[in-house]
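Below: one structure, written as structure tokens.
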Amino acid sequence: MKIHLLIKSLLYRVRYKLNPIKASKSIGVSIGTDCRLCGLIDWGSEPYLIRLGHHVSITNSKFITHDGGVWVFRDRYPDLDVIAPINVGSNVFIGTDCIVMPGTEIQDNVVIGAGSLVRGVLEANGVYAGVPVRKIKNIDDYLDALGDKKVNTKMYSKSDKRNYLLKKFFDGDESLS
């Protein structure tokens, strides 16, 4: 039986590598349109309890829909589980290596910083980070705070982007790159 599970897991990883959205939907995650999954997302043991809105980006993060801590009560309550869904709104960015806990609700227009422990309700139009996560600023203040760091290179080819950034940051001196 363990060989079967190993093969199933390996096949999922191959499918995930080829098409992360399709593979995630195949295990029950509800995913809106125009979403991006970068790196490996661990959907946990109840992926069918996870809902993503539209235009959501997630990188190398983990979603936990249950509280495994009830293990310590297993002798008294052999069937005890604590499980809650996770809902992610639309236009959300979840930075790398975040952990999203059971019962979390992330509303629309939210940015979550890398490495955050996400729990509770994250209200719309906010930037959050930390362990545990807390609100840092509103989304408009975040855009304003980017100031001179903003560059319009998203549509550049890799080569054009490289040349532009080397010139901008190193005055074209490639020996510093």
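The values are calculated or read from the model by the stated rules, or taken from the named source; none is laboratory data. Just so it is clear, the model here is predicted, and its values are computed rather than measured. Glycine gets a Cβ as well: all are built from the backbone with ideal geometry, and neighbour counts include every protein chain shown.
Restricting the search to the range 104-136, which residues are surrounded by fewer than 16 Cβ atoms within 10 Å (Cβ to Cβ) and within 26 Å of V72 (Cα to Cα)? Correct list: L117, G120, V131, P132. Condition check: modelled with pLDDT of 95 or more, closer than 17 Å to V110 by Cα and of a type outside the set (A, V, I, L, M, F, W, C). Does S30 satisfy that? Considered against the rule, which asks whether it is modelled with pLDDT of 95 or more, closer than 17 Å to V110 by Cα and of a type outside the set (A, V, I, L, M, F, W, C), S30 comes out as no. A single entry from I58, I64 fulfils the requirement of being surrounded by 13 or more Cβ atoms within 10 Å (Cβ to Cβ), in contact with a Pro (Cβ under 7 Å, 6 or more places away or on another chain) and at pLDDT 95 or above: I64. On inspection, K167 does not qualify as of a type in the set (K, R) and in a loop (DSSP other than H, G, I, E, B). Could you check the range 84-109 and list, in sequence order, the residues that are under 22 Å from G28 (Cβ atoms), out of contact with any helix residue (DSSP H, G or I) (no Cβ under 7 Å at 6 or more places or on another chain) and in contact (Cβ under 8 Å) with a residue 24 or more places away in the chain? Scanning the range 84-109 gives A84, N87, V88, G89, S90, V92, I94, C98, I99, V100, M101, P102.
Of the residues that sit in the range 17-50 and are part of a loop (DSSP other than H, G, I, E, B) and of a type in the set (V, I, T), which one is nearest to G89 (Cα to Cα)? It would help to see each step written out before you state the result.
Kept after step one, since they are part of a loop (DSSP other than H, G, I, E, B), are these residues of the range 17-50: 19, 27-29, 32-35, 39-41, 43-46.
Remaining after also requiring of a type in the set (V, I, T): 27, 29, 33, 41.
Values: I27: 20, V29: 14, T33: 12, I41: 17 Å.
It comes out as T33.
Among the candidates D141, D148, D108, D97, which residue alone is at pLDDT 95 or above, assigned to a helix (DSSP H, G or I) and either at positive phi or not polar (S, T, N, Q) (or both)?
Details: D148 fails: at pLDDT 95 or above; D108 fails: assigned to a helix (DSSP H, G or I); D97 fails: assigned to a helix (DSSP H, G or I).
Only one candidate qualifies: D141.
Looking for whichever is touching a Leu at 6+ places or on another chain (Cβ under 8 Å) and crowded, with 17+ Cβ neighbours inside 10 Å here; the options are I41, I94, I50, I86. Which one fits?
Details: I41 fails: touching a Leu at 6+ places or on another chain (Cβ under 8 Å); I94 fails: touching a Leu at 6+ places or on another chain (Cβ under 8 Å); I50 fails: touching a Leu at 6+ places or on another chain (Cβ under 8 Å).
Exactly one residue qualifies, and that residue is I86.
Whenever a residue of the range 138-163 is farther than 21 Å from G113 by Cα, its partners that are at pLDDT 90 or above and part of a helix (DSSP H, G or I), lying with C-beta atoms within less than 9 angstrom and at least six residues away or across chains, give the pairs T153/D160; T153/K161; T153/Y164; T153/L165; Y156/R162; Y156/N163; Y156/Y164. When V14 is tested against (1) out of contact with any strand residue (DSSP E or B) (no Cβ under 6 Å at 6 or more places or on another chain); (2) in a strand (DSSP E or B), exactly one condition is not met: (2).
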